[in-house]
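Everything on this sheet refers to the single structure shown next.
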Amino acid sequence: MPIAMITGATSGFGRAAARRFAAAGWSLILTGRRSERLKELEQELGDSVEVLTLTLDVRDAEAVAQAVEALPAEFREVTCLVNNAGLALAPQPAQEVDLADWHTMIDTNVTGLVNVTHAMLPRLIATGAGASIINIGSVAGSWPYPGGHVYGATKAFVEQFGYNLRCDLKGTGVRVTDISPGMAETEFTLVRTKGDQAASDALYSGTTPLQAEDIAEQIFYVATLPDHININRLEVMPTRQSWSPFTIDRD
Ligand SMILES: NC(=O)C1=CN([C@@H]2O[C@H](COP(=O)(O)OP(=O)(O)OC[C@H]3O[C@@H](n4cnc5c(N)ncnc54)[C@H](OP(=O)(O)O)[C@@H]3O)[C@@H](O)[C@H]2O)C=CC1
Ligand SMILES: O=CCS(=O)(=O)O
């Protein structure tokens, strides 16, 4: 069975993707910082598919490299890497943000994604045709909005990094896709607001946000396309989300 490695599998898109790949019989390497949640997911899925869990902070380059180096033989031929681990912090205006929150977003969404990709590239190239790297970007990487500051910039990095990777991976058979979701109801806003459940509930109420399973379905679709097809970028919004016009500062 093919193997998918999913970062940030303890919640949201990552956990839903783990369930989606498991439903199709894929073996799974699941990572995240919360061991308890990884254990729960292993218990849930481990009867039907092979599951390896790695408690890992993607920001720790050495730990990531060591974990990949130590992959057991039966988990080395990875077909799909889903670079999903990520977060937004500090929804307030840039001029009111703690610098530490900007650093955390850059360290996770940029450095963490690069750490995992660097460690996994030899494994994916060894797999060759049909292998894929699926990076979870965001609409925030393409469309500016108030409070998007560094979060959106990290996702713009993810998009461009993926395109550049494609140039270098030409001829290896390894595909690279940026899936950029819009508003989706996960723990994302709870994390962004540092635990403000009311703010999270308010954002998703009275509308129809994407659900984690919607994005998991897109991830699985991209990963299982015929080898000769590479979707470069897939931007997915809820039907009830769109753009606002430019705003003007007036006297
Ligand atoms: N929800 C949304 O509206 C959208 C989200 N996204 C992106 O989708 C991705 C998944 O987010 P989503 O599922 O919504 O949010 P969740 O908060 O539900 O999930 C985030 C996942 O990332 C993991 N994670 C965060 N930091 C680290 C770290 N340092 N090391 C390892 N794992 C980490 C978390 O695991 P743990 O805490 O256990 O480490 C968790 O499993 C993110 O990249 C996010 O930016 C993109 C567009 C829209
Ligand atoms: O990436 C998350 C979606 S949004 O909050 O930027 O719209």
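The values are calculated or read from the model by the stated rules, or taken from the named source; none is laboratory data. Everything numeric in this text was worked out from a predicted model, so none of it was measured. Please note: Cβ atoms are built from the backbone with ideal geometry, for glycine as well, and neighbour counts cover all protein chains shown. For the accessible areas, the whole protein counts, side chains as well, though only heavy atoms, and no ligand, DNA or RNA atoms are used. Shrake-Rupley method; radii C 1.70, N 1.55, O 1.52, S 1.80 Å.
Only residues that are more than 16 Å from ligand 2 (Cβ to nearest atom) and either within 24 Å of residue 244 (Cβ to Cβ) or open to solvent by less than 50 Å² (accessible area, probe 1.4 Å) (or both) were counted in region 137-161, giving 1.
Looking only at region 91-105, decide whether some residue is part of a loop (DSSP other than H, G, I, E, B) and under 21 Å from the mean Cα position of the chain (by Cα). Yes: one or more hits.
Show the residue pairs that are 6+ apart or on different chains and have beta-carbon atoms under 8 Å apart, the first residue being within region 234-250 and closer than 26 Å to residue 212 by Cβ and within 16 Å of ligand 1 (Cβ to nearest atom), the second being part of a loop (DSSP other than H, G, I, E, B) and β-branched (Val, Ile, Thr). Here the result reads 238/207; 238/208; 239/208; 240/207; 240/208; 241/207, each pair linking region 234-250 to a residue that is part of a loop (DSSP other than H, G, I, E, B) and β-branched (Val, Ile, Thr). Filtered by the rule that a residue be part of a strand (DSSP E or B) and either within 14 Å of ligand 1 (Cβ to nearest atom) or not hydrophobic (A, V, I, L, M, F, W, C) (or both), region 160-204 gives 175, 177, 178, 179, 180, 181, 184, 185. The single condition among (1) open to solvent by less than 10 Å² (accessible area, probe 1.4 Å); (2) hydroxyl-bearing (Ser, Thr, Tyr); (3) closer than 29 Å to residue 202 by Cα that residue 117 does not satisfy is (3). Assigned to a strand (DSSP E or B) and either touching a residue at least 60 places away in the same chain (Cβ under 8 Å) or open to solvent by 70 Å² or more (accessible area, probe 1.4 Å) (or both): does that describe residue 134? Against the criterion (assigned to a strand (DSSP E or B) and either touching a residue at least 60 places away in the same chain (Cβ under 8 Å) or open to solvent by 70 Å² or more (accessible area, probe 1.4 Å) (or both)), residue 134 qualifies. Condition first: open to solvent by less than 10 Å² (accessible area, probe 1.4 Å) and either more than 8 Å from ligand 1 (Cβ to nearest atom) or in contact with a helix residue (DSSP H, G or I) (Cβ under 7 Å, 6 or more places away or on another chain) (or both). Now tell me which residues in region 23-44 satisfy that. Residues satisfying the conditions are 28, 29, 30, 32, 41. Residue selection: residue 171 fails the criterion of being free of Cβ contacts under 8 Å to residues at least 40 places away in the same chain and open to solvent by less than 40 Å² (accessible area, probe 1.4 Å).
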